[in-house]
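First comes the structure, then the notes that go with it.
Every number in this text was worked out from the coordinates using simple rules, so none of it is lab data. From a predicted model like this one, the values you see are computed outputs, not experimental measurements. Cβ placement follows ideal geometry from the backbone for every residue including glycine, while neighbour counts extend to all protein chains displayed.
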Amino acid sequence: MKHCIKCGIEKPLSKFNKRSDNGKIVNTCVDCKKQYDHKYHIKNRKKKTNRDLIKSYGISLQQKLQMLKKQNEKCAICEKELLIDRDKNVDHCHKTGKVRDILCCKCNFGIGYFNDSVDLLKSAQKYLEKHQKSP
């Protein structure tokens, strides 16, 4: 049994994690650690998002928001209104790394699955047109 320094409750050792560097049991129980991590994540979400955008695409959160505003908060391809953050994907060229626009998940994945190939997309268009014709 061990006392958690956050909640002060004595709990079984199974309710505590071990440190990865030395294997010693930490002083905060799993439940308190989970609450702390959640609060920390909420508090620092914008910082993390900004850091991730800069690292991945070389643009800041402010620049992404400006791009969205310029696109009227819509996908640059299908023009679907982008209401939730996870549907606001930064599209970029995988060869050059150059940022293009903000896309919805479906359009972004679609371009990715076609390996940014205009020829493949044209071929897919011809295929769909061929199969849309009535007999």
Practice prompt. Spot the failing condition for GLY58; the list is (1) at negative phi; (2) in contact with a Gly (Cβ under 8 Å, 6 or more places away or on another chain), and only one is missed.
Written response: (1)
Response to the item:
Checked pairs for the stretch 5-21, first free of Cβ contacts under 8 Å to residues at least 12 places away in the same chain, second among the aliphatic types (A, V, I, L, M) and in a helix (DSSP H, G or I), C-beta under 9 Å and 6 or more apart or across chains, list as SER14/VAL30
Worksheet item: Tally time: how many residues in the stretch 3-18 are in a loop (DSSP other than H, G, I, E, B) and surrounded by 11 or more Cβ atoms within 10 Å (Cβ to Cβ)?
Response: 5
Worksheet item: Among the residues of the stretch 19-33 satisfying the criterion of being under 13 Å from CYS4 (Cα atoms) and of a type outside the set (A, V, I, L, M), which is surrounded by the fewest Cβ atoms within 10 Å (Cβ to Cβ)?
Response: ASN27
